[in-house]
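What follows draws every value from the coordinates through simple rules; no lab data is involved. Because the structure is predicted, anything quoted here is derived from the model rather than measured. Here the Cβ positions follow ideal geometry from the backbone for every residue, glycine too, while neighbour counts run over all protein chains shown.
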Amino acid sequence: MSADRVVTPLEGTGHRPWDPEAPIPAPLRLHDCTVAPEWVDYNGHMSESCFLLVFGNNADAFFRFVGIDEDYRAAGHSLYTSETHLHHRREAAEGEPLTMTLQLLDHDARRVHLYQEMLHGDSGVLLATAEQLLVHVDTAAGRSADMPADLLDRLRAVRDAHAALPRPERAGRPMGIRRPDRPRGE
Amino acid sequence: MAERWPAPFSTYRTRVPEEWLDYNGHMHDASYLVALSEANEALFDALDLGAGYYREVGASYFTVEYHIRYQAECSSGDVLTAETRVVAADPKRIRLYTELKHDDGRLAASGESLYLHVDRQSGRVAAMAPDRYRPVQEVLSAHAGLGRPRPVREDR
């Protein structure tokens, strides 16, 4: 994470053209990358914040897929992250290829609930997952605001296309140290 | 020995640098995690379970879960402090709750994290040696009176 500021790979590229007739992949695969030298820590593994950086880049690819880009944000609205829940399974080393998937779990007029997986680009082994809740905000007012109809139509189309996907095992789970000999809680 | 460990543990203090910002001049999602992780790392260092422990013992805490709740925006130059509580622990695991706060006390973000103690050679979860675990137990005891952190919810 070394730059003048954090820049996503798609920054400045605008949104993708929306074709209402095109089939929507389930899950979406919009972003691939390679673990960069500046993402790894002293023991040669990708640092946890850089996992989140890559999940953010994948989310940015999704926003552009449904129409949220620089122009959209300049017009006064944006999606802000309210919660992120990361699960780490495996480490990633410099130079390893990463493939990202994205599943839209749910949305309403103001909120978007996403689930992402980071897979090793060659083996397909699951490295990490991210579950995120985002809120659509009026950036000047600093308050949540309904999304416009065309954006909601696109989200609905993606949600419908993803409705048949199994509910991810790790989504919606509170965190805790689970012990077999005790019920919930410590 | 409990008085050795302030409740909560709070040594981390940082000023938001330019490179933590995103396109709109606010702190990027991933930069909150940089700060939260550094704050937890400060506790691990205080427990002698940081980079030196890794070199000496060949084991370290590996993050398996991190749940961040974003509460307020941060801008370049903002001063942030962090408070970390040990919520639960055993010789193989530690669960922390961390609050990242603005200078004026406003909550910027909270993080719940779960780490496993992993032997780097075998890549497996391993129990920490009793003498290394003892300080963890001390902090756990020192933090027991803090109660359950407010944003930790069982429902969603």
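In nm, give the distance between the simple-model label positions of residue A:122 and residue A:138, each being 7 Å from the Cα along the Cα-to-Cβ direction.
Output for this residue pair reads 5.3 nm.
Under 8 Å for C-alpha pairs, at least 6 residues apart: give me the relative contact order for chain B, rounded to a whole percent.
27 percent
Just round it to a whole percent: the fraction of Cα-Cα distances in the range B:1-83 exceeding 16 Å.
Working: 2055 of 3403 pairs.
Result: 60 percent of Cα pairs exceed 16 Å.
Sort B:68, A:24 by Cβ crowding within 10 Å, fewest neighbours at the top.
Working: B:68 25, A:24 16.
In order of increasing Cβ crowding within 10 Å: A:24, B:68.
Percent of Cα-Cα pairs per 5 Å bin, from 0 to the last occupied bin, for the range B:2-144, please list those.
Reading upward from the zero bin: 2, 10, 19, 21, 18, 13, 9, 6, 2, 0.
Given 4 °C and 1.567 mPa s, how large is the Stokes-Einstein diffusion coefficient of the protein assembly as shown in µm²/s, with Rh as the Kirkwood radius over Cα pairs?
Working: Rh = 21.1 Å.
Reported coefficient: 61 µm²/s.
Specify the angular offset, from 0 to 90 degrees and rounded to the nearest 10, of the alpha carbon long axis of helix B:29-46 from the longest principal axis of the alpha carbons in chain B.
Its long axis makes an angle of about 40 degrees.
Say each of residue A:71 and residue A:89 gets a label point 7 Å from the Cα, pointing the same way as Cα to Cβ; how far apart are those two points in nm?
It works out to 3.9 nm between the two label points.
Once the cut-off is 14 Å, how many percent of the Cα-Cα pairs in the range A:77-146 end up in the long-distance tail? Let's see the in-between values first.
Details: 1533 of 2415 pairs.
Here the long-distance tail beyond 14 Å is 63 percent of all Cα pairs in the range A:77-146.
Less than 12 Å from a label point 7 Å out along the Cα-to-Cβ axis of residue B:55: which backbone N atoms in the range A:35-70 qualify, by residue?
none
Can you show me the helix-derived [θ] at 222 nm for chain A, built from DSSP H runs with n ≥ 4 at -39,500 (n - 2.57) apiece and divided by the number of residues, rounded to the nearest 500. Don't jump to the answer; show the numbers that get you there.
On the way: 3 runs with 38 residues, N = 186.
Value at 222 nm, helices only, nearest 500: -6500 deg cm²/dmol.
Counting only C-alpha contacts under 8 Å and six or more residues apart, can you give the relative contact order of the range A:34-119 as a whole percent? Provide the component values of the computation, followed by the final result.
Numbers: 79 pairs, mean separation 31.6, N = 86.
Contact order relative to length: 37 percent.
Between residue A:41 and residue B:127, how many nm apart are label points set 7 Å from Cα along the C-beta direction?
Here the modelled spin labels are 2.6 nm apart.
Which order do B:56, A:83 fall in if you start with the one that has the fewest other Cβ atoms within 10 Å? Walk me through the numbers on the way to the answer.
Working: B:56 10, A:83 18.
In order of increasing Cβ crowding within 10 Å: B:56, A:83.
Quick one: grab Rg to one decimal and Dmax as a whole number for chain A, Cα atoms only, in Å.
Taking only Cα atoms of chain A, I get Rg and Dmax of 17.4, 55 Å.
So how tilted is helix B:130-143 from the main axis of chain B? Cα-based, degrees 0 to 90, rounded to 10.
Once rounded, the angle reads 40 degrees.
Round to the nearest 0.05 the FRET efficiency obtained for residue B:72 and residue B:19 when R0 = 22 Å and r is the Cβ-Cβ distance. It would help to have the intermediate numbers written out before the result.
Working: r = 20 Å, r/R0 = 0.91.
That pair, residue B:72 with residue B:19, gives E of 0.65.
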